[in-house]
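So the structure is just underneath, and the comments pick up after that.
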Amino acid sequence: SENGTRCILSSSSEFPEGFFTPQERKDGGIVIYFIIILYMFLAVSIVCDDYFLPSLEIISECLGLSQDVAGATFMAAGSSAPELVTAFLGAFVTKGDIGVSTILGSAIYNLLGISAACGLFSSVVSRLSCWPLFRDCLAYTISAAAVLAMISDNRIYWYESASLLLIYGCYILVLCFDIKINQYLMKKFSPCCTCFTKAMEENAEQQPLVGWRDESGPLIRQQSRTDSGIFQDELDYSQLSTSLHGLDEVSEDHPNVFTMPEADMKRILWVLSLPIITLLYLTIPDCRRQFWRNWFMVTFLISAAWISAITYVLVWMVTIAGETLGIPESVMGLTLLAAGTSVPDTVASVLVARKGNGDMAMSNIVGSNVFDMLCLGIPWFIKTAFINTSGPIEVNSSGLTYTAISLICSVGFIFLAVHLNGWKIDKKLGTICLVLYLVFTVLSILYELGIIGNNPIRVCGN
């Protein structure tokens, strides 16, 4: 630092050099970057819609998961794969704070930005349950507070990183007994809490976990929170067998990915996306079809890997485009890069919200943030416990106080907004979340630029 001004590394230092010089980008080469960015958005939507969400559907059916538990576990883990890769890169390759800054910096976007997208881009009003949202918000608040407490002294010890893994383990344990806990709370608090009473009345029957099939096709049995849990009675296995038999029928009749759509606009998008469709078809087994149905875990893992690779390219292109346009590093980190790393979460949440699966969308939004905290704990623990046991990991906790306040406030605001909106996802909630996100983002940018507070920064070397 010089004269109290904090020096930060350029975002582009974490990526390879672009294929155009700075002058060539300014002379029109930046258009190529924007084309690649749009194409990466299209690629992520294809991976999520054709492979990732269908594999999640079968995993949930086989394990008997309710839609909110599936969203908080497998869906959150798969769509947060880019953050896990980023955390490992920050701990073992770049030796910088990229993992901490990326995960904590995008937390507000994950909560408010994706909630806004689900409300504004969904034509279906989705009902929400009290317990899943309260459970995930509480878990995220605890995990975020633990991370912030750990990095307050700029050092990470092995027992601190191990505590993150323990917190996530307790979260998974709660999810294992989610149905029993939910039923107990409903009976206990329904007389004094209207939201629990409404949940008991409205959630007797819910829609299927993921609506990736055509609306005209046959549907898997309606699944309720009272009969879908990780631990099921023997009577439920006959129902599960019946539902999987129905899934076989759906898989046999599912159209091939190379079938051209009928609508003109969809035909144009299909032709433009044909290269990525072909590449994904050759590398990922389509578990919607009968022949590949038993390969659903392979589909899940490979699609998560593809999501990570596509997101890496997307963030790389966004970083170079932002620098070419002269956008300050701090502004990019809070806006373009935060949104870029959260593209899989955004696409997956919007897709399930448009099918009316509100609990799954919200559990993915908050649950992915809980998983992001685990993303920090795993590389930290491996490095401090097995690789570099002589000392702790050094991290930079500048701006920690403001980050802590922002995280806690954003969790509280999203819970309050959902409650005041009548426990449903609609355009009204989307508008509220969008306004809150813009307010938080503007305040964050003003803070990072040193306009408010005492946090002046500059890019190292400038």
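The values are calculated or read from the model by the stated rules, or taken from the named source; none is laboratory data. As the structure is a computational prediction, the values presented were derived from the model and not from experiment. Here Cβ is always computed from backbone atoms with ideal geometry, including for glycine, and neighbour counts include all displayed protein chains. Areas reflect the complete protein model, heavy atoms only, side chains present, ligands, DNA and RNA absent. Shrake-Rupley method; radii C 1.70, N 1.55, O 1.52, S 1.80 Å.
Leu173 to Leu138: extension gain in nm, 0.36 nm per residue of separation minus the Cα-Cα distance?
Values: separation 35, 0.36 × 35 = 12.60 nm, distance 1.44 nm.
Full extension of this stretch gives 11.2 nm more.
What shape does region 330-389 have by the C-alpha gyration tensor, where a ≥ b ≥ c are the square roots of the eigenvalues, rounded means a/c under 1.5, and otherwise prolate means a/b greater than b/c and oblate the rest?
Working: a/c = 4.04, a/b = 1.72, b/c = 2.35.
Here region 330-389 falls in the oblate category.
Kindly flag which residue pairs out of Lys188/Lys427; Lys188/Lys424; Lys266/Lys428 have an alpha-carbon separation exceeding 25 Å in this structure. Provide the component values of the computation, followed by the final result.
Working: Lys188/Lys427 32 Å; Lys188/Lys424 23 Å; Lys266/Lys428 29 Å.
The answer is Lys188/Lys427; Lys266/Lys428.
Please compute the length gained on full extension between Val439 and Ala145, using 0.36 nm multiplied by the number of residues separating them and subtracting their Cα-Cα distance. Kindly include the intermediate steps, with their values, before the conclusion.
Values: separation 294, 0.36 × 294 = 105.84 nm, distance 2.24 nm.
Taking 0.36 nm per residue and subtracting the Cα distance, the gain is 103.6 nm.
What nm distance separates the two modelled labels at Ile451 and Met265, each placed 7 Å from Cα along Cα→Cβ?
Here the modelled spin labels are 3.5 nm apart.
Is the shape of region 35-90 rounded, prolate or oblate, going by the alpha carbon gyration tensor and its root eigenvalues a ≥ b ≥ c, with a/c under 1.5 for rounded and a/b larger than b/c for prolate? Each step should come with its number before you reach the end.
Numbers: a/c = 3.27, a/b = 1.43, b/c = 2.29.
Note, shape of region 35-90 comes out oblate.
Amide H to amide H under 5 Å from Gly18: which residues, 5+ apart in sequence or cross-chain, H placed 1.01 Å off N in plane?
Long-range HN contacts for Gly18: none found.
Residue farthest toward the positive end of the dipole of region 265-409, with Cβ of Lys/Arg at +1 and Asp/Glu at -1: which of Gly358, Cys375, Leu325?
Gly358
Keeping all protein chains in place and using 1.4 angstrom, which order do Phe291, Phe440, Phe41 fall into by accessible surface area, from largest down?
Working: Phe291 160, Phe440 25, Phe41 90 Å².
Final ranking, largest accessible area leading: Phe291, Phe41, Phe440.
Among the lysines, which fall within straight-line cross-link reach of Lys383, defined as a Cα-Cα distance under 26 Å, with same-chain neighbours fewer than 8 residues apart omitted?
Leaving aside lysines fewer than 8 places away in the same chain, those within reach of Lys383 are Lys95.
In nm, give the distance between the simple-model label positions of Thr21 and Ile327, each being 7 Å from the Cα along the Cα-to-Cβ direction.
If labels sit at Thr21 and Ile327, their model points lie 2.6 nm apart.
Going by a ≥ b ≥ c, the root eigenvalues of the Cα gyration tensor, does region 406-448 fall in the rounded group (a/c under 1.5), the prolate group (a/b larger than b/c) or the oblate group?
Values: a/c = 4.51, a/b = 1.89, b/c = 2.39.
Oblate.
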